[in-house]
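Presented below is the structure to which this report refers.
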Number of protein chains: 2
Amino acid sequence: MSLDHAATKPHERLAQALSADLSAVNDMIAARMASENAPRIPEVTAHLIGAGGKRLRPMLTLAAANLCGYAGPYHVHLATTVEFIHTATLLHDDVVDESDKRRGKPTANLLWDNSSSVLVGDYLFARSFQLMTETGNMDVLRILSNAAATIAEGEVLQLTAARNIATTEDTYLKVVRGKTAALFSAATEVGGVIADAPVDQVKALFDYGDALGIAFQIVDDLLDWQGGAGIGKNVGDDFREGKLTMPVIRAIAAGDTNERVFWTRTLEKRVQEDGDLAQAQDILARHGTLDSTKETAIAWAARAKSALDPIPDHEIKGMLVDLADYVVERLV
Amino acid sequence: MSLDHAATKPHERLAQALSADLSAVNDMIAARMASENAPRIPEVTAHLIGAGGKRLRPMLTLAAANLCGYAGPYHVHLATTVEFIHTATLLHDDVVDESDKRRGKPTANLLWDNSSSVLVGDYLFARSFQLMTETGNMDVLRILSNAAATIAEGEVLQLTAARNIATTEDTYLKVVRGKTAALFSAATEVGGVIADAPVDQVKALFDYGDALGIAFQIVDDLLDWQGGAGIGKNVGDDFREGKLTMPVIRAIAAGDTNERVFWTRTLEKRVQEDGDLAQAQDILARHGTLDSTKETAIAWAARAKSALDPIPDHEIKGMLVDLADYVVERLV
C-alpha cells in the first residue's frame, strides 16, 4: 500500500482517516437493513448497497462530525441514515427512469421487479427515520426530514420538466438542489449539528455540501453526454429519456430554428433515430456548452472550497477541499 | 339533519363530535401537501385525499387524544401525519398492484403515471416526518417511524407470499398487522402518548387499534371475495392477482387434491379462465371459509372493544366501541 498521498484519491484518504467510523457505519447498515419477516428486503438492499458505492454521503457526515470534534456515538446513526435515504432514492429512481443499469450492474427493478424496488425503498426510508430518532436530537430530525421532502420535490420537478424544451437553467438548478445537493448539504450539516458546532461552522458545512452536491450533479449530467471511465451507465441515457440537463438547456437557448425542430422531435416527442445522439453531441460541441458547463461545475467546486473558510485548519478539512477538486477532475 | 344517533354510523358520529379538530386536520392536509416547486404533487395528492376517504385513521388519533383529555395543538399534526403515511402507502400500493380503481375512481398511476405515484408518495412520507418532528415528542417519533417500517415490511412480505399456496394463516396475520393494523395501532397510541396518558391507557389504545385494524383488513379481504355495497373496487381482484387471504388459506388447508390442482393453476401459475372466480367462490362456500373468516373478524372486533376496558367511560369511548362493531357490520 502506497503511503504517497498524491497517489490516492481524496475520498480514499477520507475513508482511510475515518476507517473506524466507516466500519461502524457498515456494521450498522448490515444490522439495520435486516428484516426477520421479509428476507427480500436485505437481498435487494445488499445488491445496491454492496454494489461498489463509495459511501460518499455518509463519509461527509462522519467527516463533518470529526472536523467539529464530536466524540459521541450518533454520527454513525446519522451517516447510516444518510446512506439509507440515498439507497431508497436510488431504488425509486430506477423505477421512475426504467433503468436497467446502475454502477455497471443490473438494477434491482430488473433483477427482482418494480414492486420490490418501491417497497424496499419505503422500508429503508422508514429505517432511516428510526435511526435518526435514536439520536434524540430534534435539530437533526428537522434537517433530515426537510431534506427528504426536498429530494422528493426535486424528483417530481424533474419528472414534470422532462421532455419540456422550455425548461430553464433556473428550473434545472432547483432539480439538482433537490435530487442531489439537498442530501449532501444535510449530510454535512447534521455532522456539525450533532457535534454542537458553532452556528457559523454549521452554516459553512451546509454551504460546502450544497455547492459540492451541485458540482457533483452537473458533472454527472455532463458525463452522461461525453462518457468517461467507469461511469457505470450508458452514454446518452438522459437524451433518450428526454431529460434536459445544463449542456442541452444552454444549447437550446443559443440554437437556431433548425436545432429547435431537432430538439422538439428528439426530446419532446422522443422520436429518435440512429445518429441523433451523435448529432445532439455535435450541436452541444458547436455551441461550446459542454465546455461552459464544465466551467460552471468548476465554479461550484470553488464555492464549496471557499465555503469551508470559517472552519479552522484540520487534516479532514484539507481532504474535503481536495474532494471538491476531485469531483470535477472526473471530467478530465 | 337527523338528531337520532341510531340513524348515523359510528364514524359519522365521531366526525361530528371531533368536527373542529377534523376541520383543522383538513386545513393542515391542504397546507402541507402544497409544493411551490412541483405543482404535480398537490394535484396527485388531492385526487387521492379528496377521493371520499373517511379520514378513519386520523380520526382515531383525534379520538384517542380527546379521550385522554389532551388540550394541546399537536394531535392535529399527528392526525395529518397518519393520513399522509396512509396516502403515501395507497399511492405505492396501486403501483405495486397495478390497480386501476380505488374507492370507485381511477387510480393516480392510471391518471398520471407510476413515476408520479412513487415520487408523490415519497414526498408525503417526508412531509409526514416533518409534521411529527414539529411535535417535539420523541416517543411519537419512535412509534410512527416504527410503524412506517412495519408497514413496508408487511407489504414486502405480502409481495413474496403472493402466488404461494403454502402461505400460512400466521404469515397472513403478519401481513395484515403490517399493511393495516400497524398504522391503526400507531394512530391510537400516539393520541394517548401526546396526551401524556397513563401507561395502561396507552396500552389499551394500542391494543384497540391493533385489533380494529386486523378486523378491518380481514373484512376488506372478505369483501374482495363476496362483494358488498360501495366497496369501490372489483370483486375477485385478490384472486386475479394471486393474493392469498384468510378464506383461501383456510380452504386450501381443508381442500382435496383436485382443489389443490385448481389453486396451483389459478393462484400460483395464474392461469385463469372464465368461470374460475365462480368456481373459487364455490370452493370457499363448500368449506364454509367465508363464514369462518367472518367469525374471526367478529372475534377481533370483540377484542378491540374489550381492549378499551381500562379507559374510563366517555362519549368518545362509546363511539370507538360502536366503530369496532361497525367495521364488521359491513359484512351484513
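The values are calculated or read from the model by the stated rules, or taken from the named source; none is laboratory data. Since we're looking at a predicted model, the values are computed, not measured. In this analysis, Cβ positions are derived from the backbone assuming ideal geometry, glycine residues included, and neighbour counts consider all displayed protein chains. Only protein heavy atoms, including side chains, enter the accessible area calculation; ligands, DNA and RNA are left aside. Shrake-Rupley method; radii C 1.70, N 1.55, O 1.52, S 1.80 Å.
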Ratio of the Cα radius of gyration of the range B:245-292 to 2.2 N^0.38 Å, where N counts its residues: 1.04
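Expressed as a whole percentage, what fraction of the accessible surface of the protein assembly as shown belongs to carbon and sulfur atoms when a 1.4 Å probe is rolled over the protein heavy atoms? Before the final figure, lay out the partial values.
Details: 12580 of 25580 Å².
The value for the protein assembly as shown is 49 percent carbon and sulfur by accessible area.
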Choice from A:GLY242, A:GLY255, A:GLY136 with maximal GNM fluctuation in chain A (Cα, 10 Å cutoff): A:GLY136
Tilt relative to chain B, helix B:19-32 - C-alpha long axis, 0 to 90 degrees, to 10: 80
Equivalent-ellipsoid semi-axes of the range A:203-332, from the Cα gyration tensor, Å, largest first: 34, 14, 11
Listed residue pairs exceeding 27 Å between alpha carbons, taken from A:LYS54/A:LYS305; A:LYS9/A:LYS101; A:LYS269/B:LYS243: A:LYS269/B:LYS243
Alpha carbon convex hull of the range B:41-199, volume per residue in cubic angstrom: 116
Chain A: angle of helix A:289-307 to the longest principal axis, Cα-based, in degrees nearest 10: 20
Qualifying aspartates and glutamates (Cα of each under 15 Å from Cα of B:LYS203; at least 8 residues distant if same chain): B:ASP139, B:GLU189, B:ASP309
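When the dipole is taken about the Cα centre of the protein assembly as shown, and only Lys, Arg (+1) and Asp, Glu (-1) are charged at their Cβ, what size is it in debye, to the nearest 20?
Computed about the Cα centre, the dipole is about 240 debye.
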Principal axis box of the range A:11-329, alpha-carbon based, largest edge first, Å: 61, 48, 32
Shielding by other protein chains, B:84-93, mean Cβ within 10 Å: 2
Fluctuation leader among B:MET246, B:MET59, B:MET138 - chain B, Gaussian network, Cα springs under 10 angstrom: B:MET138
Residues along the range A:118-139 losing 30 Å² or more of accessible surface when the other protein chains are present rather than the chain by itself (probe 1.4 Å): A:VAL118, A:LEU119, A:ASP122, A:TYR123, A:PHE125, A:ALA126, A:PHE129, A:GLN130, A:THR133, A:MET138
Dipole magnitude (debye, nearest 20) for the range A:11-329, charges at Cβ of Lys, Arg, Asp, Glu: 200
Cα extents of the range A:92-159 along the three principal axes, largest first (Å): 39, 25, 21
Helix-only mean residue ellipticity at 222 nm for chain B, each DSSP H run of n ≥ 4 adding -39500 (n - 2.57), per residue, nearest 500: -22500 deg cm²/dmol
Among A:SER35, A:SER117, A:SER99: highest mean-square fluctuation, GNM of chain A, C-alpha pairs under 10 Å: A:SER35
Inter-site label distance for B:LEU277 and A:ASP113 at 7 Å from Cα along Cβ, in nm: 2.0
Residues of type aspartates and glutamates that A:LYS294 reaches as a straight line, Cα spacing below 12 Å, ignoring anything fewer than 8 places off in the same chain: A:ASP220, A:ASP221, A:GLU329
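If you take the beta carbon distance between B:LYS105 and B:ASN164 as r and set R0 to 35 Å, what does 1/(1 + (r/R0)^6) give as a FRET efficiency, to the nearest 0.05?
Between B:LYS105 and B:ASN164 the formula returns 0.65.
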Base-10 log of normalised Debye intensity for the range A:263-332 (one unit scatterer per alpha-carbon) at q = 0.24 Å⁻¹: -1.01
Copies compared at B:ALA254 - label distances in nm, ascending, label defined 7 Å from Cα in the Cβ direction: 7.6
Computed P(r) (all Cα pairs; the protein assembly as shown; 20 Å bins; percent): 18, 48, 29, 6, 0
From the C-alpha gyration tensor of the range B:132-237, square roots of 5λ in Å: 29, 16, 12
Qualifying GluC sites (Glu not before Pro) for the range A:247-318 [loop in DSSP, other Cβ within 10 Å: at most 13]: A:GLU273
